[in-house]
Structure formats: C-alpha cells, structure tokens
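The values are calculated or read from the model by the stated rules, or taken from the named source; none is laboratory data. Please read these numbers as outputs of a predicted model, since none were measured by experiment. Glycine gets a Cβ as well: all are built from the backbone with ideal geometry, and neighbour counts include every protein chain shown.
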C-alpha cells in the first residue's frame, strides 16, 4: 500500500516541539492543519522559514491510538516567501 501525502499552504508557526501549523486555503475559507514534524527536521528549517511563507509538505498518514488521522512530515520545500510575494 502506498501512503504518501503532499500538501501546500502558508506556514503559521510551530505549535510545540512536534507540530508545524500549516494554513490551507480554498475559495470559501481556510483551515489550520497540525503536521507532526521531527525535532531534526524542525532544526533544519527554523532559521529559514517565516510566518506566511508558502511551503510544500511531503509525508505520510498515521493513525494514533484513538484512530485520529495524523500527518507526519518527511520533507519540507520552500515554494515562495512572504517578502518576495509582496515585491
């Protein structure tokens, strides 16, 4: 079984040590999605990513003990940053 997820959205910060917040938008509304992130991956991006930068997330889906869906990031790609988008 293939278990891959690819998402893009605006980076909104870190909720805690293990969750990245991603704002997903459509024409009518938006949703903040919590994405599990390893501490190692967080350390690699923390100095480069700023709030409202557009990022791509590659990862996979897991279920926790109460059968809630969890998205786990394995790779983060910077698609555009807020400063360039405003220029």
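Computed values, structure above
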read-out: Region 14-31, subset over 15 Å from residue 54 (Cβ atoms) and surrounded by 13 or more Cβ atoms within 10 Å (Cβ to Cβ), residue modelled with the lowest pLDDT; value: 18
read-out: Residue 58 vs. criteria closer than 14 Å to residue 20 by Cβ, within 9 Å of the chain's Cα centre (by Cα), surrounded by 12 or more Cβ atoms within 10 Å (Cβ to Cβ) and modelled with pLDDT of 95 or more; value: yes
read-out: Given (1) in a strand (DSSP E or B); (2) touching a helix residue (DSSP H, G or I) at 6+ places or on another chain (Cβ under 7 Å), index of the condition residue 22 fails; value: (2)
read-out: Residue check, residue 53 in contact (Cβ under 8 Å) with a residue 12 or more places away in the chain and over 30 Å from residue 1 (Cα atoms); value: yes
